[in-house]
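**Q** Encoded as structure tokens, here's the structure I'll be asking about.
The values are calculated or read from the model by the stated rules, or taken from the named source; none is laboratory data. All values reported here derive from a predicted model rather than from experimental measurement. Neighbour counts run over all protein chains shown; Cβ positions are idealised from the backbone, glycine included.
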Amino acid sequence: MQKCRVCGQNITPFFSLGKIPLVNTFLKRNQLKKEIRYDLTVAFCKECYLVQLTKDISPSKLFKNYIYFSSTSKSLIEYFGKTAKYLAKKLGLNKKSLVLEIASNDGILLAFFKQMGIGILGIDPAVNVARVANKKGIKTIPEFFNYRFAKKLKAKKVEADLVYGANVLAHVPKIVDFAKGVNTVLKPKGTAIFEFPYLKGLLEGKFDIIYHEHVFYYSLIALKNLFIKANLEIYNVELTKAQGGSLRIYVCHKQAFPIRKSVFKLVEVEQKMGFDKINTYKRMNRNVKKLKRDLIARLKKIKREGKTIAAYSAPAKGNILLNYFGVNNNFLEYIVDKAKEKQGLYTPGTHMLVYPPEKIAEQIPDYLLVLCWNITDEIVKQLSWYKRKGGKFLIPVPQLKVI
């Protein structure tokens, strides 16, 4: 039986996607027959309440050459701009402060802190992405962040007023070691802030946040148990709309700050919702199966009517949906994505050639299946001309709807 990565107790599987390819690995034509699939099963720890994958893949295999660039999304740029201003004011950051971002990607957030005159340092393991950030003047070290690396930074007198990580906490298999690294580089009165898709989303039908990069799916009660292992504690928490519903936690050295009411309130809510009980998670199977039936039935109906469907965007969550639901060119005419790094390559598992968005104007489909459903408003606004021509948007998650 698999053991919990935090407390070492047995974990109980409750949902499986079967074997799925790496959903951020796009392929050239000569790689299609060599593609490898890996098990994707989620389990629950009854001891510390942590939801996690039963198996993980080496981070170096997943992240050393990453194809995702945050700056391709206009809504993300706006979000991080607002976040930087909000956190700078809330934490009283100034020109003497240092913001250290873990998994800083192409520097989308750090650029805003730099504009405010605040010191910045990015850490990101993807060499190609770090290179892009450095070219933009965002100092970025291409390394994995862990306790060993944190000690090297500390030896060079690197200590941060703010350690920040967006969508990184779920990606690190050796998470206790990671947390100890955060403790090491955080100033005595510093704050570490992490944002990530909230576990509640799984129970609302957002199953497509499950993929190999996401080793963990966090609730606040599980996170409290995790940070205790690194002599840290959560002193504040906020819910945000990012990624279709995220949790933002504020972490400090023990007793550095008083714990806010928000923490106690959310713990109480989670306990009432049963986040500490396996039966709560088992209900997810029924929800996802219904979602699959609804979408496949709608796609078949559209095809019977002689209408055409294309897919918009090929994010990790979209590739999970396509693979698990069995949606490929049997339903779709083509798929487009804004990221030039994906164009001309084939989608993982479903092996559809990725076109630039201009393809939509050349070959207008009756329906667009929006796989980046978490930024639906941005997409509908961008493609207002398509809607004026009678096109319709299919939003598959968390419940199927047509716009």
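**Q** If a residue has to be β-branched (Val, Ile, Thr), without any contact (Cβ under 8 Å) to a residue 40 or more places away in the chain and within 20 Å of Tyr198 (Cα to Cα) to count, how many in segment 229-263 make the cut?
**A** 2
Listed here are the residues, each with its yes/no results for (1) of a type in the set (Val, Ile, Thr); (2) touching a strand residue (DSSP E or B) at 6+ places or on another chain (Cβ under 9 Å); (3) modelled with pLDDT of 95 or more.
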{"position": "Thr41", "(1), (2), (3)": "yes, yes, yes"}
{"position": "Cys48", "(1), (2), (3)": "no, no, yes"}
{"position": "Gln52", "(1), (2), (3)": "no, yes, yes"}
{"position": "Ser73", "(1), (2), (3)": "no, no, no"}
{"position": "Glu101", "(1), (2), (3)": "no, yes, yes"}
{"position": "Asp106", "(1), (2), (3)": "no, yes, no"}
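**Q** Name the residue, out of Lys154, Lys139, that is at pLDDT 95 or above, under 27 Å from Arg5 (Cα atoms) and surrounded by fewer than 18 Cβ atoms within 10 Å (Cβ to Cβ).
**A** One residue alone meets the criteria, Lys154.
**Q** Anything in segment 54-71 that is crowded, with 17+ Cβ neighbours inside 10 Å, in a loop (DSSP other than H, G, I, E, B) and at pLDDT below 80? List them, or say none.
**A** Those that are crowded, with 17+ Cβ neighbours inside 10 Å, in a loop (DSSP other than H, G, I, E, B) and at pLDDT below 80: Tyr66, Tyr68, Phe69.
**Q** Separate question: Return yes when Leu353 is in the same structural domain as Lys300 (by TED's automatic domain parsing) and crowded, with 21+ Cβ neighbours inside 10 Å and no when it is not.
**A** Spelling it out, it is not the case that Leu353 is in the same structural domain as Lys300 (by TED's automatic domain parsing) and crowded, with 21+ Cβ neighbours inside 10 Å.
**Q** Take Ile234 and tell me if it is touching a Gly at 6+ places or on another chain (Cβ under 8 Å) and either at pLDDT below 95 or in the same structural domain as Asp177 (by TED's automatic domain parsing) (or both).
**A** Criteria not met by Ile234.
**Q** A further question on this structure: If I ask for residues that are charged (D, E, K, R) and either surrounded by 22 or more Cβ atoms within 10 Å (Cβ to Cβ) or more than 13 Å from Leu369 (Cα to Cα) (or both), which ones from segment 281-299 would you list?
**A** If the condition is that a residue be charged (D, E, K, R) and either surrounded by 22 or more Cβ atoms within 10 Å (Cβ to Cβ) or more than 13 Å from Leu369 (Cα to Cα) (or both), then Lys282, Arg283, Arg286, Lys289, Lys290, Lys292, Arg293, Asp294 are the ones that fit.
**Q** What is the residue count in segment 134-158 for residues that are part of a loop (DSSP other than H, G, I, E, B), free of Cβ contacts under 8 Å to residues at least 24 places away in the same chain and under 24 Å from the mean Cα position of the chain (by Cα)?
**A** Within segment 134-158, residues that are part of a loop (DSSP other than H, G, I, E, B), free of Cβ contacts under 8 Å to residues at least 24 places away in the same chain and under 24 Å from the mean Cα position of the chain (by Cα) number 3.
**Q** Could you check how many residues of segment 262-274 are on the phi > 0 side of the Ramachandran plot and either surrounded by 14 or more Cβ atoms within 10 Å (Cβ to Cβ) or of a type in the set (A, V, I, L, M) (or both)? Don't jump to the end; show me each part of the working.
**A** Keep residues of segment 262-274 that are on the phi > 0 side of the Ramachandran plot, which gives 274.
Still in the list and also either surrounded by 14 or more Cβ atoms within 10 Å (Cβ to Cβ) or of a type in the set (A, V, I, L, M) (or both): none.
Looking only at that region, the number is 0.
**Q** So, one more: Specify the residue that is farthest from Glu238 (Cα to Cα); the eligible residues are those in segment 89-120 that are hydrophobic (A, V, I, L, M, F, W, C) and surrounded by fewer than 19 Cβ atoms within 10 Å (Cβ to Cβ).
**A** For segment 89-120, the residue satisfying everything is Met116.
**Q** While we're here: Looking only at residues in segment 325-344 that are touching a residue at least 40 places away in the same chain (Cβ under 8 Å) and either buried (at least 21 other Cβ atoms within 10 Å of the Cβ) or touching a Pro at 6+ places or on another chain (Cβ under 8 Å) (or both), which one is nearest to Lys389 (Cα to Cα)? Give the steps one after another, and end with the answer.
**A** Filtering segment 325-344 down to residues touching a residue at least 40 places away in the same chain (Cβ under 8 Å) leaves 327, 338-339, 341-342.
Next cut, either buried (at least 21 other Cβ atoms within 10 Å of the Cβ) or touching a Pro at 6+ places or on another chain (Cβ under 8 Å) (or both) only: 327, 338, 342.
Working: Val327: 25, Lys338: 21, Lys342: 27 Å.
For segment 325-344, the residue satisfying everything is Lys338.
**Q** Do we have Asp177 as in the same structural domain as Leu121 (by TED's automatic domain parsing) and either out of contact with any helix residue (DSSP H, G or I) (no Cβ under 8 Å at 6 or more places or on another chain) or under 20 Å from Tyr49 (Cα atoms) (or both) here?
**A** yes
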